[in-house]
Amino acid sequence: MKKLIAYFSSSGNTKAMAEKLAKATGADLFEIKPQTPYTRADLDWTNKNSLADYDTIFLGFPIWWYVAPIKL
Ligand SMILES: Cc1cc2nc3c(=O)[nH]c(=O)nc-3n(C[C@H](O)[C@H](O)[C@H](O)COP(=O)(O)O)c2cc1C
């Protein structure tokens, strides 16, 4: 059976795990890359003000084959 590991990783942890999993399972690897790269500020999870202007965030996307669409 053919297997694929599709992953997104911003600082390398998920990538390292995906590579280990690929080695262990013989799966192909595919890295999902953001169209616009995340900045250091985007990834600063200690910044409590990053979403401070919002009380509620609505996230919209269609369902394609039961999951959120990702372009492979
Ligand atoms: C903006 C941001 C938000 C995060 N939120 C969470 C969280 O809610 N819970 C959690 O366990 N880890 C959270 N993390 C930590 C990441 O999930 C963790 O560092 C992960 O291993 C990063 O994977 P990567 O190196 O493949 O990008 C967050 C990291 C970032 C940058």
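The values are calculated or read from the model by the stated rules, or taken from the named source; none is laboratory data. Source: prediction; values computed, not measured. No Cβ is skipped: glycine too gets one built from the backbone with ideal geometry, and neighbour counts run over all protein chains shown. With ligands, DNA and RNA removed, areas are computed over all heavy atoms of the protein, side chains included. Shrake-Rupley method; radii C 1.70, N 1.55, O 1.52, S 1.80 Å.
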Subject >> Most positive-pole-ward Cα, Ser50, Leu21, Ser9, against dipole of the chain from beta carbon charges >> reply: Leu21
Original post:
Using mean Cβ contacts within 10 Å as the protection proxy, how do 16-25, 35-44, 54-63 order, highest first?
Top reply: 16-25, 35-44, 54-63
**OP:** Provide the per residue accessible area, probe 1.4 Å, for the chain, rounded to a whole number of square angstrom.
**Re:** 99 Å²
**OP:** Return an integer: the convex hull volume of the alpha-carbon atoms of the chain, in Å³ per residue.
**Re:** 132 Å³
Subject >> Estimated dipole of the chain in Debye, rounded to 20 [Cβ of Lys and Arg +1, of Asp and Glu -1, Cα centre] >> reply: 420 debye
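Counting only protein heavy atoms and a 1.4 Å probe, tell me what percentage of the chain's accessible area is made up of carbon and sulfur.
For the chain, the apolar C and S fraction of the accessible surface comes to 58 percent.
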